[in-house]
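Below is one structure, written out as structure tokens; the observations come after it.
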Amino acid sequence: MATRAYWQGQIKLALVSIPVEIYPATKSGAAVSFRQIHEPTGKPIHYEKVVTGVGPVDRDEILKGYEISKNNFVLLEQEEIEAVKIESRKTLELVQFVEADAIDVLYYEKPYFVVPADDLAEEAYAVLRDALRQTKKVGLGQLSVRGREQLVSLKPCGRGMILEVLRYADEVTKAQTYFRGLPADTADEDMLDLAVSIIDKKTAPFKPEEFTDRYVDALHRLIEKKKKSKGKRILEDVDDEPADRKGGNVIDLMAALKKSAGEGARKSTPAKTASTKKTPQKRAPARRKSA
């Protein structure tokens, strides 16, 4: 494997133990990170540990504190924190199985690939994978890693299996907190039919490579231009929003749905067609003057 295993151990199903290795299924994207720079010197800014009224302090004088009331802390030494960490175990016991759709999407946090540790483990691995697929169930257990215990789920994925770290109940905000005030009335049937037809026309296989972070792409272009401009200020031109997005007028929802459904039937690539014609706009004179 090209990457280092996140966890190595065995998955236990009753009396059956399956040696496995777990690897991250995701990686850091192309996000652009910045550092703060002191403009006169061009040097990066550093941060010091300071105490109000005291100034900079040594690292060995710092403890961790839990605030129990305003400005009142319980102080903990690192040794005390280490003492309560959960011992890393090399066994993930599947203690419960649930329907595949029983876990709310809010609980899923991070996926990992699960692979058999060796050739001898492949048969038992395949049996568990196919059993989960046939029953349409997801296995649940708690994985102990780096002093913490994580709630995880296990489910089949193609020829292999995926382990997903789940959030605990106290980490998830209940949806009712935000949705309780919404009306319970069902949607108008005619409008619903039009909306469904639009969704059907725009339905296609999910191809994640067709989507990119346009902000990150623009930042990379800006950085390249900045390198070539030798420090000159660069402001990217931004197209104005379409007129129908600017106004705050109340629209006729049925008319908008009918128009959307009609355009979807007539045009296979509406985005490209719309972009071919642009009304020339007058630019306001620049106010910025060189010194």
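Odds and ends about this structure:
- Pick from region 170-217, criterion farther than 30 Å from residue 259 by Cβ and of a type in the set (D, E, K, R), ranking: farthest from the chain's Cα centre (by Cα): 180
- Residue in region 49-95 that is surrounded by the fewest Cβ atoms within 10 Å (Cβ to Cβ), counting only those that are of a type in the set (Ser, Thr, Tyr) and closer than 20 Å to residue 143 by Cβ: 91
- Applying the criterion of being touching a helix residue (DSSP H, G or I) at 6+ places or on another chain (Cβ under 9 Å) and surrounded by 16 or more Cβ atoms within 10 Å (Cβ to Cβ) to the residues of region 1-16, the residue that is nearest to residue 131 (Cα to Cα) is 13.
- Selection status of residue 170, in contact (Cβ under 8 Å) with a residue 12 or more places away in the chain, loosely packed, with under 13 Cβ neighbours inside 10 Å and either in a helix (DSSP H, G or I) or in contact with a strand residue (DSSP E or B) (Cβ under 9 Å, 6 or more places away or on another chain) (or both): no
- Lone qualifier among 126, 169 - being out of contact with any Cys (no Cβ under 7 Å at 6 or more places or on another chain), farther than 30 Å from residue 80 by Cβ and of a type in the set (Gly, Ala, Ser): 126
For every residue, the table says whether it meets (1) at pLDDT 85 or above; (2) surrounded by fewer than 12 Cβ atoms within 10 Å (Cβ to Cβ).
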residue	(1), (2)
217	no, no
222	yes, no
250	no, yes
261	no, no
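- When 228, 232, 201 are checked against the criterion of being touching a residue at least 40 places away in the same chain (Cβ under 8 Å) and over 30 Å from residue 84 (Cβ atoms), a single residue qualifies: 201.
- Qualifying position, being more than 30 Å from residue 139 (Cβ to Cβ), at pLDDT 80 or above and surrounded by 11 or more Cβ atoms within 10 Å (Cβ to Cβ), among 267, 201, 227: 201
- Scanning region 173-195 for residues that are within 25 Å of residue 107 (Cβ to Cβ) and outside any loop (DSSP other than H, G, I, E, B) yields 176, 177, 178, 179.
- Inter-residue pairs, beta-carbon under 6 Å, first within 24 Å of residue 80 (Cβ to Cβ) and in region 39-66, second part of a strand (DSSP E or B) and among the hydrophobic types (A, V, I, L, M, F, W, C), 6+ apart: 57/51; 63/75; 64/76; 65/73; 65/75; 66/74
- Count of residues meeting criterion [of a type outside the set (A, V, I, L, M) and outside any helix (DSSP H, G or I)] in region 113-127: 3
- Complete set of residues in region 128-159 that are loosely packed, with under 14 Cβ neighbours inside 10 Å and either in a strand (DSSP E or B) or in contact with a Leu (Cβ under 9 Å, 6 or more places away or on another chain) (or both): 148
- Cβ-Cβ contacts under 9 Å between residues 6 or more apart (or on different chains), taken from a first residue in region 138-149 that is within 15 Å of residue 17 (Cα to Cα) and touching a residue at least 24 places away in the same chain (Cβ under 8 Å) to a second residue that is assigned to a loop (DSSP other than H, G, I, E, B) and small (Gly, Ala, Ser), are absent.
The values are calculated or read from the model by the stated rules, or taken from the named source; none is laboratory data. Treat the numbers as computed from the prediction; the structure is a model and nothing was measured. We place every Cβ from the backbone using ideal geometry, glycine too, and count neighbours over all the protein chains shown.
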